[in-house]
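This report concerns only the one structure given below.
The values are calculated or read from the model by the stated rules, or taken from the named source; none is laboratory data. All figures in this text were calculated on a predicted structure; none of them were measured in a lab. Cβ sites come from the backbone with ideal geometry, for glycine too, and all protein chains shown count toward neighbours. Calculation scope for accessible area: heavy atoms of the full protein, side chains included, ligands and nucleic acids excluded. Shrake-Rupley method; radii C 1.70, N 1.55, O 1.52, S 1.80 Å.
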Amino acid sequence: MGNEEAVFFSRLLTEMTLSFHIIYATIGVGVPLMIMLAQYVGIKKNDEHYILMARRWARGFVITVAVGVVTGTAIGLQLSLLWPNFMELAGQVIALPLFMETFAFFFEAIFLGIYLYTWDRFENQKKHLLLLVPVAVGAGMSAVFITIVNAFMNAPQGFDMVNGELVNINPLLAMLNPAMPTKVAHVVSTALMTSAFVLAAIGAFRLLKGSNHIYHKKAVYLMVKVGLVFSVATAIIGDFSGKYLAEYQPEKLAAAEWHFETSDSAPLILYGVLDDGEVKYAIEIPYALSILAHNDPTAEVIGLDQFPEDERPPLYIHYFFDVMVTIGMFMVMLSAFYVVAKWRKWKFANSRFILWLIVAGGPLSLIAIQAGWWMTEVGRQPWILRGIMTVDEAATSSGSVDIMVIAFALLYLILGIGSVVVLRRMFRNNPVEKELDKMEAERLAGESK
Amino acid sequence: MTLTLEIIGITVLWFFLFGYVIVASIDFGSGFFNAYSLLTNRQHILTKIIQRYLSPVWEVTNVFLVFFFVGIIGFFPKTAFYYGTTLLVPASIAIILLAIRGSYYAFETYGSRGHKGYSFMYGVAGLLIPASLSVVLTISEGGFIDMIDGQPVLDYQELFLSPLTWSIVVLAISATLYISAVFLTWYANKAKDGEATKLLRKYALIWSLPTMITATGIIVELRAHNPEHYANILDVWWAFLISGLLFIGTVYLLWTKRSYGFAFLLLVGQFFVAFFAYGWSHRPYLLYPYLTIYDSFTNEAMAIALIIAFIAGLGLLLPSLYLLLRLFLFNKEYVVGKKEDNHA
């Protein structure tokens, strides 16, 4: 296998692993906070529906965490297996957050184990709730540290290059790179947003499929509210990300927005297709790109013309940008509408149409996560470490990557199907109504003693 | 011999790898015994005991391994080049097994309790993991990697035909079952489950022998395969002698059905001494003859940052681990099964 093939298959395998992992990782980062919220509301309102909600979510969460953990282990090792030259170089500067991530994860793993097995140990529910704090903190910090590594790949700093050698290495400076604040904030807030909308979608689906239980209504309303908060936060952070890109990675912004010539008062191009270098059927919003990039409608935005051809990212990332932004905006509008409608007690809020939209919101949010990652990862091409090492230089020289692609594709298929089957069976065989009846019976038995 | 950053780094990592060897052996061995008892319709004896132990700790086990490989890239980034390039296939196999084992364990435990297919899947995958991971130790002895055009290439034929490879594989599997069985004997005894204790004690005694024979055999094989390493092993012969005595102690206690807790402690001591004596004699090579801990070491700034992060991390971890063990492993009521701590 020539180097070109090894590079191609290494990219394919990494893409596959990350795309699969990110679904479970996103849920893994966001759901602990949702469980915490539900349990907190339950204690506060003394409403056992919310307590049961926390309990059921925690049960499903374990399955997704398991797949998240094992695929996370896979990508951790694949970094060295597929990109040995990159890890050899970057490891000298950015190993610290990778190392810290394992601690964060360790912390989360220990307390998740304790939390799951101590539902009935504490008289005081609040103590049990406290055990979730380290789980949520650990999950969040894992995301923070890993995203710092990714940010470093986009905006490397904290070292000097002298004759191909790294000198004056400063691990903390490398962590505090300019891409870090917006990237970390974006990843965490989208994880919370997506988790909320996925849980809302599940509740809405139950309501559509025959159950009319107030439990599901409570779940949907709570999660849409949380989703609204974080989708608005995501939009604001997205605006800051645009400003970061304009300053530090103008080629990525230019490729994503099809901004070919450097110009001031730049319009934002939404949708459209590229036909022989011509943009067709696009919506142009005047001045919007200048505002996104610099908060100034007349500011100059650097175009792709400023970069040599072999350093320009592929132009198809524009489509990923479209998908991500469209879904994000749709979710802001949908959740804002639903919350207002519920508050004003409009009947329309409970219509099947709105519920179906909420159901769609779950998978759509996950698609937006995928599109966002593809945009940022493909948008960094041809670099693996921007300005320092290209993807071609980083890849393994091993000749067996193609077979590994097949092996891992099968693995992810097995894990994907397995987790869906198990989750469905878990909740099908034990619907909310049944569990609430059981809780009621237990309580009565307790009282009559 | 001064205490250099290199030595501190590799010692820390070696500690975690040792931790992984013990915890993961218990874990994988338990999974296998569980599957085996399902298959031979003896699950009524073992499954309950095994699952009481396994359930709250499975995720923690995996972190030990992640910690080791992330740490080794951090402290010794050149390992990424040599091991990363050559281990693509063996390490990928290990990852796939780990993935199946971890997720199917969760599927069975939290999704479909008692599902035979799932139990079988994770039981077998678990046993193959030590085998596939142990190949890395074999490769580290040198003789299996050629440098071609400046790139390290693994010689599969050499690797598969070498008796050393297979001895290490057998050692990995039998040690896994031995460690696990000794631990579970103690655990079952603590849970006052006579029948399970009896069966597990039998397993422990069965697996003690192949463990010791292959371990000795490997040292003999090294004499021809890697004379330099062999000579270094002979330098610390006393450590291996201590390890052997500890082994005899464990087997004696098991045989005479006395103090299973102390027997397990001796076993940990046996593996600890042997593991560190092996590591010590392997020094300074990470990979014979290409890579030593000195020429692959990261820069000083990163090393110090990692060590500080490590100390801070331990400050957080040790109390949490203590809490976990206190709540489950050392909680009498939990072990005996009085506490009805069903998950979520």
- Item | Accessible area (Å², 1.4 Å probe, nearest 10) - A:Leu112 | 10 Å²
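Over segment A:1-145, what lengths in whole Å, largest first, do the semi-axes of the equivalent ellipsoid take, defined as the square roots of 5 times the eigenvalues of the alpha-carbon gyration tensor? If you can, show how the numbers build up before the last one.
Details: eigenvalues 278, 48, 21 Å².
In descending order, the three semi-axes are 37, 16, 10 Å.
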- Query: Taking the Cα atoms of segment A:280-376, what is the range of coordinates along each of the three principal axes, in descending order and whole Å?
  - Reply: 57, 29, 23
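Do you know the relative contact order of segment A:164-227, to the nearest whole percent, from alpha carbon pairs under 8 angstrom that are 6+ apart? Kindly include the intermediate steps, with their values, before the conclusion.
Details: 31 pairs, mean separation 21.3, N = 64.
Normalised by residue count, the contact order of segment A:164-227 is 33 percent.
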- Rounded to 0.05, the calculated FRET efficiency for the beta carbons of A:Glu247 and A:Tyr281 at R₀ = 30 Å is 0.45
- Message: Tell me the accessible surface of B:Trp237 in square angstrom (1.4 angstrom probe, heavy atoms of protein chains only), to the nearest ten.
- Response: 150 Å²
- Note on the structure: Going through B:Lys48/B:Lys190; A:Lys438/B:Lys116; A:Lys45/A:Lys127; A:Lys209/A:Lys342; A:Lys438/B:Lys192 one by one, the pairs whose alpha carbons sit over 23 Å apart turn out to be A:Lys438/B:Lys116; A:Lys438/B:Lys192
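Report the full-extension gain for the segment A:Arg428 to A:Met161: residue separation times 0.36 nm, less the Cα-Cα distance, to one decimal in nm.
This chain segment gains 90.3 nm when fully extended.
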- Item | Degrees between helix A:132-154 axis and first principal axis of chain A (Cα, 0 to 90, nearest 10) | 10 degrees
- Task: Distance between Cα centroids, segment B:3-25 to segment B:69-114: provide it in whole Å.
- Result: 18 Å
- Message: Can you sort B:His225, A:His318 by solvent-accessible area, 1.4 Å probe, largest first?
- Response: B:His225, A:His318
- Message: Can you compute the modelled spin-label distance between A:Ala336 and A:Glu15, with each label point 7 Å from Cα toward Cβ, in nm?
- Response: 3.5 nm
- Two-decimal Rg to Rh for segment A:1-74 - Kirkwood Rh, Cα set: 1.30
- Task: Give me the lysines in straight-line cross-link reach of A:Lys252: C-alpha distance below 22 Å, same-chain residues under 8 apart excluded.
- Result: A:Lys183, A:Lys243, A:Lys280
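So between A:Ile214 and A:Ala407, what do we pick up on full extension, going 0.36 nm a residue minus the alpha carbon distance?
Numbers: separation 193, 0.36 × 193 = 69.48 nm, distance 4.51 nm.
Length gained, A:Ile214 through A:Ala407: 65.0 nm.
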- Query: Once label points are set 7 Å from the Cα along Cα→Cβ at both A:Leu172 and A:Asp392, what is their separation, rounded to one decimal in nm?
  - Reply: 4.0 nm
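Provide the convex hull volume over Cα atoms per residue for segment A:196-346, in Å³. All intermediate terms of the calculation are to be shown ahead of the outcome.
Values: hull volume 21.7 nm³, N = 151.
For segment A:196-346, the hull spanned by Cα atoms encloses 143 Å³ per residue.
Tell me which DSSP H helices of chain B clear both cut-offs, 24 Å or more of axial length from alpha-carbon atoms and a mean Kyte-Doolittle hydropathy of at least 0.5. Write down the numbers at each step before the final one.
Values: long enough: B:5-39 (50 Å, 1.59); B:58-75 (27 Å, 1.90); B:88-106 (27 Å, 1.58); B:116-140 (38 Å, 1.28); B:163-190 (40 Å, 1.19); B:194-225 (47 Å, 0.47); B:237-255 (27 Å, 1.75); B:260-282 (33 Å, 1.30); B:300-324 (35 Å, 2.16).
Correct list, ordered by number: B:5-39, B:58-75, B:88-106, B:116-140, B:163-190, B:237-255, B:260-282, B:300-324.
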- Query: Rg (Å, one decimal) plus Dmax (Å, integer) for the alpha carbons of chain B?
  - Reply: 20.5, 64
- Query: Accessible surface of A:Ile23 in the full protein assembly, 1.4 angstrom probe, to the nearest 10 Å²?
  - Reply: 50 Å²
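Rg/Rh for segment A:352-409: what does it come to with C-alpha atoms and Rh from Kirkwood? The partial results should precede the final answer.
Details: Rg = 18.2 Å, Rh = 14.7 Å.
Rg divided by Rh gives 1.24.
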- Can you give me the relative contact order of segment A:108-262 as a percent, contacts being Cα pairs under 8 Å and 6 or more apart? 18 percent
- Task: Tell me the label-point distance for the pair A:Tyr316, A:Asp437, using the 7 Å Cα-to-Cβ offset, in nm and rounded to one decimal.
- Result: 5.3 nm
- Query: What's the local net charge at B:Phe297, with K and R +1, D and E -1, over the other residues with C-beta under 15 Å away?
  - Reply: -3
- Task: Write down the radius of gyration of chain A and its Dmax, each obtained from C-alpha positions, in Å.
- Result: 23.7, 82
- Item | 5 angstrom amide H check on B:Leu286, placed H, neighbours 5+ away | B:Leu291, B:Thr292, B:Ile293
- Note on the structure: For chain B the mean separation of alpha carbon contacts under 8 Å (6+ apart) over residue count, i.e. relative contact order in percent, is 21 percent
- May I ask you to derive the FRET efficiency for B:Asp295 and A:Thr326 from their Cβ-Cβ distance with R0 = 60 Å, giving the value to the nearest 0.05? 0.70
- Item | 10 Å Cβ neighbours from other chains, averaged over peptide B:103-116 | 6
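In Å, what Kirkwood hydrodynamic radius results for the protein assembly as shown from the alpha-carbon pair distances? Could you put the intermediate results ahead of the total?
Numbers: mean 1/r = 0.0355 Å⁻¹.
The Cα-based Kirkwood calculation yields 28.2 Å.
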- Log10 I(q)/I(0) at q = 0.10, 0.13, 0.14 Å⁻¹ for segment B:106-222, from Debye over equal alpha-carbon scatterers, is -0.45, -0.69, -0.76
- Task: Would you please give the residues with an amide H less than 5 Å from that of A:Leu268, counting only those at least 5 places away or on a separate chain, with H modeled from the backbone geometry?
- Result: A:Ile285, A:Tyr287, A:Ala288, A:Leu289
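Report the A-B buried area as the accessible area lost on both sides summed, probe 1.4 Å, in Å² to the nearest 100.
Details: alone 22020 and 16900 Å², together 32840 Å².
For A against B, buried area totals roughly 6100 Å².
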